[in-house]
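What follows is a single structure, written as structure tokens, with notes after it.
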Amino acid sequence: MTRLKISSCSANYGHADLFGVIDRLAELQYDGIEITAMYHAPPAETSQDRRKAILKRTRDAGMSVSGLHFIFPPGLKMASSDRSEREKIVDYVGSVIDLAHDLEAPIVMIGGGGMRAALDGVSKEDAIENVCHSFRGFGERAEKQGVIACFEALNRFETQIGRSFSEVCGYLDRIGSPAVKLGGDTFHMNIEEPSMSDSIEAAGRHLGHLHLPDSHRLAPGGGHIDFPPILRALDKIAYPGFISFELFWIAPDIPFLPTYELCDAENVKAISHIRKLEDSL
């Protein structure tokens with residue numbers, strides 16, 4: 001089995017200093033860091049000097065930036081029938097793609113489930129076409145920068161549009177950009193996919209990025225997801241990208257664990273569990 005490239009999201013440490021998170025993940029022998037844009041690198045607030053500093057610190061730690069996620073501020077509408085609203089989101093995502101290029105990050109994970117929702121007076125089919133139109137715009141920007149824009153499949157409780165691998169892969173055909181691929185997350189897959197390994201194999205080359213939390217949205221090994229078939233499926237399709245841990249504490253107020261020590265413990269568990277499984281397969 002080919003050894004996976006493993007990264008962890010910076011938000012797994014809450015709002016801790018980004019450089020400290022980079023250094024700690026390097027100590028834990030991660031291959032990369034997935035930067036949480038809204039916490040650690042909002043595009044408009046991240047100067048060119050800061051971008052160069054982030055890239056240098058990551059390289060010096062022996063890692064790379066595996067991608068960007070949690071990219072959206074509130075108020076953007078991907079499914080709107082108002083072209084000017086969609087142009088706003090395309091321009092904004094374009095700025096995130098530019099940031100990814102500057103950080104040498106290969107992908108941007110595009111979730112934003114609520115932003116895909118059909119608005120009042122808009123049919124679901126029109127909303128789907130509006131979302132695909134937005135992703136065509138993302139794809140144009142991504143192609144120019146050599147970045148992949150990943151259309152993340154979310155679960156039915158978080159979005160109306162793009163809830164399974166097969167659904168999103170159908171939209172990829174409509175979007176028609178080689179720079180738009182599928183983004184997956186085993187937390188969502190556990191709700192929507194009859195077989196996660198079969199869905200990965202069916203997606204094949206369309207899979208651009210994969211988050212790998214357990215069923216309770218914390219480190220693999222703590223919930224009930226069976227990870228060996230998932231790892232075998234990734235190996236079978238010769239998946240070339242990173243897997244990344246996006247870990248959330250299920251709480252109404254903050255999405256991350258309440259102390260740095262608890263956050264760190266989940267990152268230790270996550271990489272340890274997956275590396276042990278790789279060694280056993």
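The values are calculated or read from the model by the stated rules, or taken from the named source; none is laboratory data. Worth saying up front: this structure is predicted, and the values here are computed from it rather than measured. Using ideal geometry, Cβ is built from the backbone for each residue, glycine included, and neighbour counts are taken over all protein chains shown.
I'd like to verify a number: residues in the stretch 111-150 that are among the hydroxyl-bearing types (S, T, Y) and more than 9 Å from A79 (Cα to Cα), how many?
Number of matching residues: 1.
Could you tell me whether the stretch 29-41 includes any residue that is assigned to a helix (DSSP H, G or I), touching a strand residue (DSSP E or B) at 6+ places or on another chain (Cβ under 8 Å) and not aliphatic (A, V, I, L, M)?
No, because not a single residue in the stretch 29-41 is assigned to a helix (DSSP H, G or I), touching a strand residue (DSSP E or B) at 6+ places or on another chain (Cβ under 8 Å) and not aliphatic (A, V, I, L, M).
Under 9 Å between Cβ atoms, at least 6 apart or on separate chains: pull out the pairs that start in the stretch 60-79 with a residue that is touching a residue at least 24 places away in the same chain (Cβ under 8 Å) and within 12 Å of I110 (Cα to Cα) and end on any residue that is basic (K, R) and surrounded by fewer than 24 Cβ atoms within 10 Å (Cβ to Cβ).
That search, which allows pairs on different chains as well, returns M78/R86.
Test D235 against the criterion of being of a type in the set (D, E, K, R) and either at pLDDT 95 or above or touching a strand residue (DSSP E or B) at 6+ places or on another chain (Cβ under 8 Å) (or both), and give yes or no.
yes
Among (1) crowded, with 17+ Cβ neighbours inside 10 Å; (2) of a type in the set (D, E); (3) over 30 Å from R232 (Cβ atoms), where does E158 come up short?
Every listed condition holds for E158 apart from (3).
Consider V108 carefully, then state whether it is surrounded by 18 or more Cβ atoms within 10 Å (Cβ to Cβ), closer than 21 Å to H40 by Cβ and touching a Cys at 6+ places or on another chain (Cβ under 9 Å).
Yes: the conditions hold for V108.
Among what's in the stretch 80-91 and is part of a loop (DSSP other than H, G, I, E, B) and of a type in the set (S, T, Y), pick the residue that is surrounded by the fewest Cβ atoms within 10 Å (Cβ to Cβ).
Applying the filter and picking the extreme gives S81.
Just one of the numbered conditions (1) at pLDDT 95 or above; (2) outside any loop (DSSP other than H, G, I, E, B); (3) under 22 Å from the mean Cα position of the chain (by Cα) is not true of G62; which one?
(2)
Where the second residue is among the β-branched types (V, I, T) and part of a helix (DSSP H, G or I) and the first is surrounded by 14 or more Cβ atoms within 10 Å (Cβ to Cβ) and lies in the stretch 116-130, which pairs have Cβ atoms under 9 Å and are six or more apart or on separate chains?
Cβ pairs passing all conditions: R116/I128; R116/V131; A118/I128.
Take the residues in the stretch 204-222 that are surrounded by fewer than 17 Cβ atoms within 10 Å (Cβ to Cβ) and more than 23 Å from Y171 (Cα to Cα), then tell me which one is modelled with the lowest pLDDT.
H216
Of the residues D185, D214, which single one is in contact with a strand residue (DSSP E or B) (Cβ under 7 Å, 6 or more places away or on another chain), under 24 Å from S7 (Cβ atoms) and not hydrophobic (A, V, I, L, M, F, W, C)?
D185
Here's the yes/no breakdown for (1) charged (D, E, K, R); (2) touching a Ser or Thr at 6+ places or on another chain (Cβ under 6 Å):
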residue: G184; (1), (2): no, no
residue: D198; (1), (2): yes, no
residue: A202; (1), (2): no, no
residue: R217; (1), (2): yes, no
residue: I230; (1), (2): no, yes
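Out of (1) in contact with a Cys (Cβ under 6 Å, 6 or more places away or on another chain); (2) of a type outside the set (A, V, I, L, M, F, W, C); (3) free of Cβ contacts under 8 Å to residues at least 40 places away in the same chain, the odd one out for H209 is which?
(3)
Take the conditions closer than 30 Å to R217 by Cβ, within 16 Å of the chain's Cα centre (by Cα), not in a helix (DSSP H, G or I) and not β-branched (V, I, T) and apply them to L154. Does it pass?
Answer is yes for this residue.
Considering only residues that are of a type in the set (V, I, T) and either over 15 Å from the mean Cα position of the chain (by Cα) or not in a helix (DSSP H, G or I) (or both), which ones fall in the stretch 92-148?
Hits for the stretch 92-148 are I107, V108, I110, V122, I128, V131, V147, I148.
Against the condition of a type outside the set (S, T, N, Q), exposed (fewer than 15 other Cβ atoms within 10 Å of the Cβ) and modelled with pLDDT under 95, how does D253 come out, does it pass?
yes
Taking the conditions exactly as written (exposed (fewer than 14 other Cβ atoms within 10 Å of the Cβ), assigned to a helix (DSSP H, G or I) and among the charged types (D, E, K, R)), does E261 satisfy them or not?
Here the answer is yes, as E261 does meet what is asked.
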